[in-house]
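Working notes, structure below.
The values are calculated or read from the model by the stated rules, or taken from the named source; none is laboratory data. For clarity, every value in this text was computed on a predicted model and none was experimentally measured. Heads up: the accessible areas ignore ligands, DNA and RNA and are worked out on the full protein's heavy atoms, side chains in. Shrake-Rupley method; radii C 1.70, N 1.55, O 1.52, S 1.80 Å.
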Amino acid sequence: ETQSILSHTSGSATYTRKRWTKGHLSKLELISSSSSQTMHYLYTEKNVHIWRAGSRTYHTVSKGNFEPDDAQMMMTYEDILNADDGNITKAGLSTKDNTPCIFAELRSPHTGYTERYWVSATTGLLIYGETLDKTGSVIYSITATQTDITTQSDDNFVLPDGNLPEDDACNSKDHAPA
């Protein structure tokens, strides 16, 4: 589970994201604190199935290159690995909330913003990340609030119609209960 805060000139918005993964399936639950709306995204190898909480219908679209981390707006350690060396401005060992971490700071070549990452030295997972604008103000932050690495039940991956997803080659379609 992660919690992120997106800051803007008139305030901020807080989002809670829960994610379950089993084999090639990943399910996201995105909850906006401002609208109290929950969206579900169930990723298969080829498709994404999308629905609102409480709905019995869902929409299926081709996944393309859009991964669950993208939908979560999740900063990941892969961002550090994929960064050009010239964009890494700081790196080292650090502690965040009493957790030993690998710290990295990157400058985005596209925006000029600074991105900071604290990756747990124990689990290898991001525990905190933030983006600072050109003035040094935090405009985005993400905190891993819970981590559960146990095997997930198939119940977490059931579509609103009560079925597990079948990964067909559809490009886009709506599904409603019969």
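Using a 1.4 Å probe over the heavy atoms of the protein chains, calculate the carbon and sulfur portion of the accessible area of the chain as a whole percent. For the chain, the apolar C and S fraction of the accessible surface comes to 48 percent. Once the Cα-Cα distance is subtracted from the 0.36 nm per residue extended length, the HIS8 to ASP154 segment shows a gain of 48.7 nm.
A 1.4 Å probe over all protein chains sorts THR9, THR16, THR122, THR2 by accessible area into THR9, THR122, THR16, THR2, starting with the largest.
From the convex hull of the Cα coordinates of the chain, what is the mean projected area in square nanometres?
The orientation-averaged projected area of the Cα hull of the chain comes to 12.0 nm².
The value obtained for the stretch 1-105, namely the Cα convex hull volume divided by the number of residues, is 168 Å³ per residue. Using a cut-off of 25 Å between Cα atoms, the listed pairs LYS22/LYS63; LYS27/LYS96; LYS63/LYS96 include LYS27/LYS96; LYS63/LYS96 as exceeding that distance. Sorted largest first, the principal axis extents computed over the alpha-carbon atoms of the stretch 45-133 equal 48, 32, 25 Å.
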